[in-house]
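Peer 1: Here it is, the structure in full.
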Amino acid sequence: MNFMRKPIRVSKAVIAGSLTVALFLLLLFVTILPGKRTICYEEDLGAAGEEVLRNCFGNGYKLSEGAEKEYEYFEYHDQVNVTVHYREWTLSYQNARGEEQDFVFHNQVSRIESFIGTYFCELTEDFYKRNFWDKAVEEIPGFREDSVLYFQEYSQFSSPSVPKSSVMLDRQLHYSLAEHICFPRLEFDRVFEEFPYLLRFYVYVTYESPEEEEREGQRQETEEKLRHMIDEIIAYTGGTLNATVSVTMMDQDGYADGFGFRVLTGEYFQPKDGSEHEYDIALHEHFFGPVVLEDKKE
């Protein structure tokens with residue numbers, strides 16, 4: 001018995017619907033494909049910042065012609081691949097010990113002053129880390145590698161509850177490191193008397209025992225090692241060190257307890273009124289001078 005296959009007839013409506021779905025899928029596919037974007041930084045920051053460079057590095061520095069650089073990243077908000085083109089310069093100079101050093105900057109930032117502060121902090125951090133920090137932490141039992149040392153500007157804050165803070169903030173915002181620093185003459189034992197910066201130590205230590213008596217001994221040993229390091233820095237800086245030390249003691253549950261201490265001009269800081277910003281105010285007035293509030297006339 002022969003069966004004849006009947007031709008399948010597709011209505012125009014079905015065809016139109018299929019085309020609509022296909023077109024929708026095509027548009028969706030095109031939509032989710034990431035696009036491309038190119039960003040080019042063209043400013044000759046080496047020339048634009050020449051006055052600042054001469055002030056900070058003297059007249060004996062050597063500046064490279066600049067090298068073309070690029071990198072890529074994906075911008076999730078706009079769903080595009082971004083290629084960035086910029087220029088990088090290397091400035092070579094001799095430091096106070098006659099050693100050759102390089103200062104590297106690029107033109108993704110419009111002001112060369114932005115690099116000066118970062119470079120100053122990196123140099124100073126590296127010096128105190130190599131000469132004091134690394135030796136001290138080797139002797140601390142339970143020392144954690146996530147501990148850090150920073151060299152930073154004085155804290156900036158403004159609070160209605162602290163009337164002096166508005167005057168302090170104004171002074172700090174008008175201070176320009178680039179106008180005061182000369183890297184070829186930079187001496188690390190004088191940074192605390194010449195600049196409004198301080199060392200901040202954040203130390204994390206893991207308890208080696210659950211017994212409180214042994215923990216107390218470990219806390220005391222940790223503090224002794226750190227104070228010994230601080231005393232060495234105080235001696236090296238001729239009694240000008242400004243620093244804060246914050247210690248977090250930890251166990252298997254995380255934070256257990258902690259302690260800290262601060263140093264102002266080579267002396268361990270003893271709070272007088274116990275206010276939150278007492279140290280910050282004393283530090284500021286040491287460098288910038290007394291904060292005098294104007295009398296309000298009614």
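Peer 1: Given 0.36 nm per residue, what is the gain on full extension from residue 62 to residue 118 after removing their alpha carbon distance, in nm? Please list the in-between numbers first.
Peer 2: Numbers: separation 56, 0.36 × 56 = 20.16 nm, distance 2.01 nm.
Using 0.36 nm per residue and subtracting the Cα-Cα distance, I get 18.1 nm.
Peer 1: I've got another one for you. What net charge is computed for the residues neighbouring residue 177, neighbours being all others with C-beta under 10 Å from the C-beta of residue 177, Lys and Arg scored +1, Asp and Glu -1? Write out the running numbers ahead of the final one.
Peer 2: Values: positive: none; negative: 113, 153, 179.
Net local charge, residue 177 excluded: -3.
Peer 1: For segment 109-142, list residues with backbone N below 13 Å from a point placed 7 Å from the Cα of residue 71 toward its Cβ?
Peer 2: What the label zone holds, given the 13 Å backbone N cut-off, is 109.
Peer 1: Continuing with the same structure: Tell me, what is the FRET efficiency for residue 251 and residue 148 to the nearest 0.05, using R0 = 22 angstrom and their Cβ-Cβ distance as r?
Peer 2: On the way: r = 20 Å, r/R0 = 0.93.
About 0.60, to the nearest 0.05.
Peer 1: Here are some values of volume of the Cα convex hull per residue in Å³: [x] 200; [y] 359; [z] 144. Which one was computed from this structure?
Peer 2: [y]
Peer 1: Shifting gears a bit: Hey, in the GNM for the chain with a 10 angstrom Cα cutoff, which one of 76, 175, 202 fluctuates hardest?
Peer 2: Answer for the Gaussian network model of the chain: 76.
Peer 1: Of the GluC sites (Glu not before Pro) in segment 54-105, which ones lie in a loop per DSSP and count no more than 12 other C-beta atoms within 10 Å?
Peer 2: Working: sites: 65, 68, 70, 72, 75, 88, 99, 100; in loops: 65, 99.
Filter output for segment 54-105: 65, 99.
Peer 1: Can you say what percent of the DSSP beta bridges in segment 112-298, counting only those with both residues inside, are antiparallel? Round to 5. Each step should come with its number before you reach the end.
Peer 2: Numbers: 19 of 27 bridges.
The antiparallel fraction comes to roughly 70 percent.
Peer 1: May I pose another question? In terms of the Cα gyration tensor, with a ≥ b ≥ c the square roots of its eigenvalues, is segment 34-111 rounded because a/c is under 1.5, prolate because a/b exceeds b/c, or oblate?
Peer 2: Numbers: a/c = 3.52, a/b = 2.71, b/c = 1.30.
Note, shape of segment 34-111 comes out prolate.
Every read-out reported here was derived from the displayed coordinates using simple, explicitly stated rules and does not represent laboratory data. Just so you know, these numbers come straight off a predicted model, no measurement behind them. Note that each Cβ is placed from the backbone with ideal geometry, even for glycine, and that neighbours are counted across all protein chains shown.
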